[in-house]
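Have a look at the structure below, then the notes.
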Amino acid sequence: MDELAALVMELSDLAGPAGDEEEVRQALLRWVSGIRVRFAVDAAGNLTMLYTPEGVEPRTVLVAALDEVGVIVPSIDRRGFARLAPLGAVGAASLVGSRLRLTAGGQGVVGCIPGDGLPSFERLFLDLGMHGRAATEAAVPLGSRAVWDCTATRLPGGQLSGKALGTRAGCAVAVDLLRRLGGSDHSLAVVFCAQTELGYHTVEAALRWPNTEIVLGVGPALASDTPKAVGSDIRLGQGPVLVESDRGLVSSLRGRTELRLAAQRAGVELQVTAADPGTSPAAAALGAGHGIPAAALGIPCRYRRTPSEVCAAEDLTAAARVLEALVRR
């Protein structure tokens, strides 16, 4: 298995719900140990890695999301069942019957109170196998967070599958780029953003370099190559995606041009979407300083925000090549 795919799968297995991303931050730092990177973690939990000569501001800033969808425990009933509330855009139906891993330790299974229609969070509960409120609260204090408890794998066709795979693919490609630059005199900053599932209010403060030429978001783009899927014709294994627009960002002309030129230099053909249902953290660049040109590069991903997202390893490799060509421009 190649190193980039191994990193994506390692990151997928970690727990990083919004506001509790420490496992992911530490893993990323391990992967850049030994190369010339300065790093800092701000009050919001954003991890910034700076690869520049001393005193030089980065021309290019990559932004990728650290966190993933999860749940939080707002209350526990008298019988010891923990109620759940969403952290991010996670659907109640995708949780029923799932085993969850608590970031504080331990596991539980999601049950659902019978009723008509699709499950809702009002009907979900976490079964920890305990009896009584006191016993459950001792093991799972109110405010505890949890994510799906599953292990990333390779499918028979070679694709990668796991939870949070699309966002962690963005992190992996960015770290891979830092490692590829080792020893060169190019300048780059990477901001791994915390709490993106709750919005991008934390990211703007991390974009503090007034002379930045471009901010580029790297993360999942919704693939539509499954039966009867509706949307842009984005396919796994056909290369990274130039995201012309999504719910929060219209990529700038400069950003789109730079990406197309970088893809040409790298010998990579880009797919294009103008209606991705997600939102890139690069959108925060529009309000940073006097506004910074921003664009988004997507990695095709099926089954977003489920415990079994699917990406193609060759798309990760192609995205890494495009980003390297962009930074070395």
**Item:** Binned Cα-Cα distance frequencies in the range 199-248 - 10 Å width, integer %
**Value:** 18, 40, 26, 15, 2
**Prompt:** Using modelled backbone amide H atoms (1.01 Å from N, in-plane), which distant-in-sequence or interchain residues come within less than 5 Å of Thr306's amide H?
**Reply:** Ala164
**Item:** Residue of Ala275, Ala189, Ala283 that the Gaussian network model of the chain assigns the largest fluctuation, springs spanning Cα pairs under 10 Å
**Value:** Ala275
**Asked** How big is the equivalent ellipsoid of the range 70-148 along its three axes, where each semi-axis is √(5λ) from the Cα gyration tensor, reported in whole Å from largest to smallest?
**Response** 19, 14, 10
**Asked** Whole-Hz Karplus ³J(HN,Hα) for the range 224-235, in order, using 6.51 cos²θ - 1.76 cosθ + 1.60 and θ = phi - 60°, x for Gly and Pro?
**Response** 10, 9, 9, x, 6, 5, 10, x, 4, 8, 9, 10
**Request:** Could you tell me how many degrees, from 0 to 90 and to the nearest 10, lie between the Cα long axis of helix 3-13 and the main elongation axis, the longest principal axis, of the Cα atoms of the chain?
**Result:** 30
**Complete:** Whole-Hz Karplus couplings 3J(HN,Hα) for the range 107-122, θ = phi - 60° and coefficients 6.51, -1.76, 1.60, Gly and Pro as x, run 9, x, 10, 8, x, 9, 5, x, x, 7, x, 5, x, 10, 5, 4
**Mean shadow area of the range 221-260, taken as a quarter of the surface of its Cα convex hull (nm²)** = 3.2
**Request:** Rounded, prolate or oblate: pick one for the range 157-202, where a ≥ b ≥ c are the square roots of the eigenvalues of its C-alpha gyration tensor, a/c under 1.5 means rounded, and failing that, prolate if a/b is larger than b/c, else oblate.
**Result:** oblate
**Global form of the range 104-157, assessed from the alpha-carbon gyration tensor, a/c cut-off 1.5** = oblate
**Request:** May I ask for the longest run of the chain untouched by GluC sites (Glu not before Pro) that are loop-located per DSSP and have at most 14 neighbouring C-beta atoms (other than their own) within 10 Å?
**Result:** 55-268
**Item:** Value at 222 nm in deg cm²/dmol, rounded to 500, when DSSP H runs of n ≥ 4 in the chain each add -39,500 (n - 2.57)
**Value:** -7000 deg cm²/dmol
**Message:** Just want to confirm a number: the relative contact order over the chain, from Cα pairs under 8 angstrom separated by 6+ residues, in percent.
**Reply:** 23
**Request:** Would you work out the relative contact order for the range 77-231, in percent, from Cα pairs under 8 angstrom that are 6 or more residues apart?
**Result:** 21
**Asked** Counting other Cβ atoms within 10 Å of each Cβ, which trypsin sites (Lys or Arg not before Pro) in the range 1-105 have at most 13 and sit in a DSSP loop?
**Response** Arg78, Arg79
**Prompt:** Using alpha carbons only, how many degrees (0 to 90, rounded to 10) separate the axis of helix 22-31 from the longest principal axis of the chain?
**Reply:** 40
**Prompt:** Which whole-number percent gives the relative contact order of the range 159-252, counting Cα pairs below 8 Å spaced six or more residues apart?
**Reply:** 24
**Prompt:** If you find the alpha carbon centre of the range 126-141 and of the range 219-279, how far apart are they in angstrom?
**Reply:** 45
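Rule-based calculations on the coordinates, nothing more; no lab input. Nothing here was measured: the structure is a model prediction, and the numbers come from that model. Quick reminder, even Gly has a Cβ in these numbers, built from the backbone with ideal geometry, and neighbours come from all protein chains shown.
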